[in-house]
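Below is one structure, written out as C-alpha coordinates; comments come after it.
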Amino acid sequence: MSFTVVIPARYASSRLPGKPLAMIAGKPMIQHVCERANESRASRVVVATDDARIEEACRGFGAEVIMTSPHHASGTDRLEEVARKLQLDPDHRVVNVQGDEPLIPPELINQVADNLEQYQEAAIATLCERIHDARQVFNPNVVKVVFDARGMAHYFSRAPIPWARDFWPAGAATQDVDLPDGIGYFRHIGIYGYRASVLSEFVTWLPAPTERVESLEQLRALYNGALIHVDVADRPPAPGVDTEEDLARLRALMEKGGARG
(Lines give C-alpha, C1' and ligand atoms only; values in the text may rest on other atoms or scores of the structure.)
Protein backbone atom coordinates (compact mmCIF):
# COMPACT_ATOMS: atom_id res chain seq x y z
CA MET A 1 0.00 0.00 0.00
CA SER A 2 1.12 3.53 -0.75
CA PHE A 3 1.73 6.27 1.78
CA THR A 4 2.10 10.04 1.68
CA VAL A 5 4.79 12.14 3.35
CA VAL A 6 3.68 15.53 4.62
CA ILE A 7 6.34 18.06 5.62
CA PRO A 8 4.95 20.90 7.78
CA ALA A 9 7.04 24.04 7.28
CA ARG A 10 6.52 27.24 9.26
CA TYR A 11 8.36 30.51 8.71
CA ALA A 12 7.68 31.95 12.16
CA SER A 13 9.97 29.80 14.28
CA SER A 14 10.56 31.49 17.64
CA ARG A 15 14.21 30.41 17.89
CA LEU A 16 15.16 30.51 14.21
CA PRO A 17 12.77 32.57 12.03
CA GLY A 18 12.72 31.57 8.36
CA LYS A 19 14.34 28.23 9.18
CA PRO A 20 12.93 26.25 6.20
CA LEU A 21 14.55 28.75 3.81
CA ALA A 22 17.98 28.76 5.47
CA MET A 23 20.57 27.95 2.81
CA ILE A 24 22.67 24.82 3.29
CA ALA A 25 25.15 23.71 0.63
CA GLY A 26 23.45 25.89 -1.96
CA LYS A 27 19.87 24.77 -1.28
CA PRO A 28 17.16 25.86 1.15
CA MET A 29 16.76 23.49 4.07
CA ILE A 30 13.26 22.48 3.00
CA GLN A 31 14.64 21.24 -0.34
CA HIS A 32 17.04 18.88 1.43
CA VAL A 33 14.13 17.52 3.49
CA CYS A 34 12.04 16.99 0.36
CA GLU A 35 14.90 15.20 -1.38
CA ARG A 36 15.33 12.81 1.55
CA ALA A 37 11.57 12.17 1.62
CA ASN A 38 11.54 11.48 -2.11
CA GLU A 39 14.21 8.82 -1.55
CA SER A 40 11.72 6.90 0.59
CA ARG A 41 9.00 4.68 -0.89
CA ALA A 42 6.36 7.39 -0.48
CA SER A 43 3.98 7.71 -3.40
CA ARG A 44 3.63 11.44 -2.74
CA VAL A 45 5.58 14.12 -0.88
CA VAL A 46 3.76 17.32 0.08
CA VAL A 47 4.97 20.44 1.86
CA ALA A 48 2.32 21.99 4.12
CA THR A 49 2.87 25.67 4.87
CA ASP A 50 1.01 28.87 5.66
CA ASP A 51 3.71 31.16 4.28
CA ALA A 52 3.89 32.41 0.69
CA ARG A 53 7.70 32.67 0.81
CA ILE A 54 8.04 28.98 1.59
CA GLU A 55 5.44 28.14 -1.05
CA GLU A 56 7.37 30.09 -3.69
CA ALA A 57 10.69 28.47 -2.78
CA CYS A 58 9.20 24.96 -2.85
CA ARG A 59 7.51 25.44 -6.18
CA GLY A 60 10.85 26.74 -7.48
CA PHE A 61 12.47 23.32 -7.01
CA GLY A 62 9.37 21.40 -8.09
CA ALA A 63 7.83 20.38 -4.78
CA GLU A 64 4.11 19.92 -4.29
CA VAL A 65 2.77 22.48 -1.81
CA ILE A 66 -0.55 22.77 0.00
CA MET A 67 -1.31 26.04 1.73
CA THR A 68 -2.82 25.58 5.18
CA SER A 69 -4.44 27.80 7.78
CA PRO A 70 -2.10 30.03 9.84
CA HIS A 71 -4.26 29.40 12.92
CA HIS A 72 -3.48 25.74 13.63
CA ALA A 73 -2.62 25.01 17.25
CA SER A 74 -0.44 22.01 16.37
CA GLY A 75 1.33 20.26 13.55
CA THR A 76 -1.22 17.46 13.70
CA ASP A 77 -3.99 19.96 12.93
CA ARG A 78 -2.01 21.00 9.86
CA LEU A 79 -1.64 17.36 8.77
CA GLU A 80 -5.36 16.80 9.14
CA GLU A 81 -6.10 19.76 6.85
CA VAL A 82 -3.76 18.31 4.21
CA ALA A 83 -5.32 14.83 4.47
CA ARG A 84 -8.77 16.36 4.15
CA LYS A 85 -7.82 18.47 1.12
CA LEU A 86 -6.23 15.45 -0.55
CA GLN A 87 -9.37 13.40 0.24
CA LEU A 88 -7.28 10.52 1.52
CA ASP A 89 -8.97 7.22 2.34
CA PRO A 90 -9.40 6.52 6.08
CA ASP A 91 -6.74 3.78 6.03
CA HIS A 92 -4.22 5.77 4.01
CA ARG A 93 -0.92 6.24 5.84
CA VAL A 94 0.45 9.75 6.34
CA VAL A 95 4.02 10.16 7.56
CA ASN A 96 4.87 13.47 9.21
CA VAL A 97 8.48 14.47 8.47
CA GLN A 98 9.66 17.62 10.21
CA GLY A 99 10.86 20.44 7.96
CA ASP A 100 14.02 20.98 10.02
CA GLU A 101 15.56 17.54 9.48
CA PRO A 102 17.52 17.81 6.23
CA LEU A 103 19.50 14.64 6.98
CA ILE A 104 16.61 12.37 7.94
CA PRO A 105 17.37 8.84 6.70
CA PRO A 106 14.73 7.73 4.16
CA GLU A 107 14.88 4.29 5.82
CA LEU A 108 13.22 5.72 8.92
CA ILE A 109 10.34 7.11 6.87
CA ASN A 110 9.82 3.66 5.35
CA GLN A 111 10.12 1.99 8.76
CA VAL A 112 7.32 4.08 10.28
CA ALA A 113 5.06 3.49 7.28
CA ASP A 114 5.79 -0.26 7.27
CA ASN A 115 5.07 -0.58 10.99
CA LEU A 116 1.72 1.12 10.58
CA GLU A 117 0.92 -1.39 7.85
CA GLN A 118 2.07 -4.36 9.93
CA TYR A 119 0.32 -3.41 13.17
CA GLN A 120 -3.24 -2.84 12.02
CA GLU A 121 -4.47 -2.17 15.55
CA ALA A 122 -2.20 0.89 15.83
CA ALA A 123 -3.53 4.31 14.87
CA ILE A 124 -0.09 5.93 14.99
CA ALA A 125 3.49 4.68 14.58
CA THR A 126 6.69 6.33 15.75
CA LEU A 127 10.33 5.53 16.59
CA CYS A 128 12.80 5.65 19.45
CA GLU A 129 16.45 4.95 20.18
CA ARG A 130 18.14 3.43 23.18
CA ILE A 131 19.59 5.75 25.81
CA HIS A 132 23.06 4.88 27.11
CA ASP A 133 23.80 8.04 29.11
CA ALA A 134 21.94 8.59 32.38
CA ARG A 135 22.15 12.35 31.88
CA GLN A 136 19.72 12.01 28.97
CA VAL A 137 17.26 10.12 31.17
CA PHE A 138 17.19 13.04 33.60
CA ASN A 139 17.14 15.72 30.88
CA PRO A 140 13.56 17.07 30.52
CA ASN A 141 14.29 18.06 26.91
CA VAL A 142 14.78 14.37 26.08
CA VAL A 143 11.38 12.69 25.82
CA LYS A 144 11.36 9.14 27.17
CA VAL A 145 8.94 6.40 26.13
CA VAL A 146 7.87 3.10 27.73
CA PHE A 147 6.19 0.43 25.61
CA ASP A 148 5.01 -3.17 25.85
CA ALA A 149 6.26 -6.40 24.26
CA ARG A 150 4.44 -5.65 20.99
CA GLY A 151 5.79 -2.12 20.90
CA MET A 152 2.59 -0.35 21.96
CA ALA A 153 3.32 2.80 23.94
CA HIS A 154 2.35 2.97 27.59
CA TYR A 155 3.50 6.54 28.18
CA PHE A 156 5.78 9.34 26.98
CA SER A 157 7.38 11.65 29.52
CA ARG A 158 10.01 14.30 30.12
CA ALA A 159 10.60 12.64 33.47
CA PRO A 160 12.98 9.68 33.96
CA ILE A 161 10.78 6.64 33.26
CA PRO A 162 10.81 3.93 34.41
CA TRP A 163 12.06 5.13 37.79
CA ALA A 164 14.75 2.81 39.19
CA ARG A 165 13.45 2.90 42.76
CA ASP A 166 16.03 0.55 44.27
CA PHE A 167 18.95 1.79 42.19
CA TRP A 168 18.83 5.56 42.18
CA PRO A 169 19.16 7.51 45.42
CA ALA A 170 17.03 10.49 46.36
CA GLY A 171 18.20 13.49 44.37
CA ALA A 172 19.62 11.26 41.63
CA ALA A 173 18.91 13.89 38.98
CA THR A 174 21.63 16.11 40.42
CA GLN A 175 24.20 13.34 40.87
CA ASP A 176 26.48 11.36 38.59
CA VAL A 177 24.56 8.08 38.33
CA ASP A 178 24.54 5.05 36.06
CA LEU A 179 21.70 3.28 34.30
CA PRO A 180 20.55 0.07 35.96
CA ASP A 181 21.15 -3.22 34.15
CA GLY A 182 18.28 -5.28 32.81
CA ILE A 183 15.97 -2.43 31.79
CA GLY A 184 16.07 -0.34 28.64
CA TYR A 185 15.64 3.41 28.52
CA PHE A 186 14.49 4.89 25.23
CA ARG A 187 14.43 8.38 23.72
CA HIS A 188 11.47 9.19 21.53
CA ILE A 189 12.27 10.25 17.97
CA GLY A 190 9.74 12.74 16.62
CA ILE A 191 8.66 11.10 13.38
CA TYR A 192 5.06 9.90 13.16
CA GLY A 193 2.95 7.83 10.83
CA TYR A 194 -0.83 8.28 11.07
CA ARG A 195 -3.84 6.65 9.55
CA ALA A 196 -5.88 9.41 7.91
CA SER A 197 -8.86 8.38 10.03
CA VAL A 198 -7.08 9.16 13.31
CA LEU A 199 -6.13 12.61 12.03
CA SER A 200 -9.79 13.44 11.55
CA GLU A 201 -10.51 12.21 15.09
CA PHE A 202 -7.51 13.92 16.66
CA VAL A 203 -8.66 17.43 15.76
CA THR A 204 -11.93 16.83 17.63
CA TRP A 205 -10.19 15.86 20.89
CA LEU A 206 -9.50 18.40 23.59
CA PRO A 207 -5.94 18.60 24.95
CA ALA A 208 -5.46 15.90 27.58
CA PRO A 209 -4.49 16.74 31.18
CA THR A 210 -1.24 14.76 30.75
CA GLU A 211 -0.55 16.57 27.46
CA ARG A 212 -0.94 19.96 29.11
CA VAL A 213 1.37 19.17 32.02
CA GLU A 214 4.06 17.42 29.92
CA SER A 215 3.62 19.57 26.79
CA LEU A 216 3.59 16.40 24.65
CA GLU A 217 0.88 16.25 22.01
CA GLN A 218 1.07 12.46 21.54
CA LEU A 219 -0.37 12.01 25.02
CA ARG A 220 -3.70 13.27 23.67
CA ALA A 221 -3.89 10.19 21.46
CA LEU A 222 -3.12 7.82 24.34
CA TYR A 223 -5.63 9.59 26.57
CA ASN A 224 -8.34 8.96 23.98
CA GLY A 225 -7.51 5.29 23.55
CA ALA A 226 -5.53 5.43 20.29
CA LEU A 227 -2.70 2.87 20.16
CA ILE A 228 0.77 4.17 19.27
CA HIS A 229 3.31 1.65 18.00
CA VAL A 230 6.93 2.40 18.94
CA ASP A 231 9.90 0.72 17.27
CA VAL A 232 13.65 1.13 17.74
CA ALA A 233 14.98 3.05 14.75
CA ASP A 234 16.83 0.93 12.18
CA ARG A 235 19.60 3.53 12.13
CA PRO A 236 20.41 6.55 14.30
CA PRO A 237 18.66 9.72 13.16
CA ALA A 238 20.73 12.79 12.32
CA PRO A 239 20.12 15.85 14.52
CA GLY A 240 17.56 18.42 13.45
CA VAL A 241 18.01 22.19 13.41
CA ASP A 242 16.59 24.21 16.30
CA THR A 243 19.14 26.99 16.80
CA GLU A 244 21.71 29.10 14.94
CA GLU A 245 24.41 26.86 16.42
CA ASP A 246 22.70 23.75 15.01
CA LEU A 247 22.47 25.42 11.61
CA ALA A 248 26.15 26.40 11.64
CA ARG A 249 27.22 22.84 12.50
CA LEU A 250 25.03 21.36 9.78
CA ARG A 251 26.29 23.82 7.17
CA ALA A 252 29.88 22.95 8.04
CA LEU A 253 29.15 19.22 7.76
CA MET A 254 27.23 19.36 4.49
CA GLU A 255 29.43 21.90 2.77
CA LYS A 256 32.46 19.73 3.49
CA GLY A 257 30.72 16.78 1.91
CA GLY A 258 30.16 14.99 5.22
CA ALA A 259 26.55 14.37 4.19
CA ARG A 260 24.50 14.54 1.05
CA GLY A 261 23.97 18.08 -0.21
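Quick notes
- For ASP231, residues with placed amide H under 5 Å, excluding near neighbours: THR126, LEU127, CYS128
- Percent antiparallel among DSSP beta bridges (both partners in the chain, rounded to 5): 50 percent
- Entry for semi-axes √(5λ) of the Cα gyration tensor in Å (calculated from the structure that is shown) out of (1) 33, 20, 18; (2) 40, 27, 16; (3) 30, 23, 17: (3)
- Residue-wise HN-Hα couplings along the range 29-37, as the Karplus relation 6.51 cos²θ - 1.76 cosθ + 1.60 with θ = phi - 60° gives them from phi, are 3, 4, 5, 4, 4, 4, 5, 5, 5 Hz; Gly and Pro carry x.
- Apportionment of accessible area to carbon and sulfur, the range 200-261, percent (1.4 Å): 52 percent
- Rounded to the nearest 500, the helix-only mean residue ellipticity at 222 nm of the chain stands at -8500 deg cm²/dmol, with each DSSP H run of n ≥ 4 adding -39,500 (n - 2.57).
- Within the range 1-148, percent of DSSP bridges classed antiparallel, to nearest 5: 10 percent
- Solvent-accessible area of the range 1-149 (1.4 angstrom probe, protein heavy atoms only): carbon and sulfur portion equals 46 percent.
- For the chain, the relative contact order is 24 percent, taking Cα pairs closer than 8 Å that sit 6 or more residues apart in sequence and dividing their mean separation by the residue count.
- For the chain, built as a Gaussian network whose Cα springs stay under 10 Å, the top-fluctuating residue of GLN136, GLN111, GLN218: GLN136
- Relative contact order (%) - criterion: Cα under 8 Å, at least six apart; region: the range 129-261: 25 percent
The values are calculated or read from the model by the stated rules, or taken from the named source; none is laboratory data. Please read these numbers as outputs of a predicted model, since none were measured by experiment. Ligands, DNA and RNA are excluded from the accessible area calculation, which covers all protein heavy atoms including side chains. Shrake-Rupley method; radii C 1.70, N 1.55, O 1.52, S 1.80 Å.
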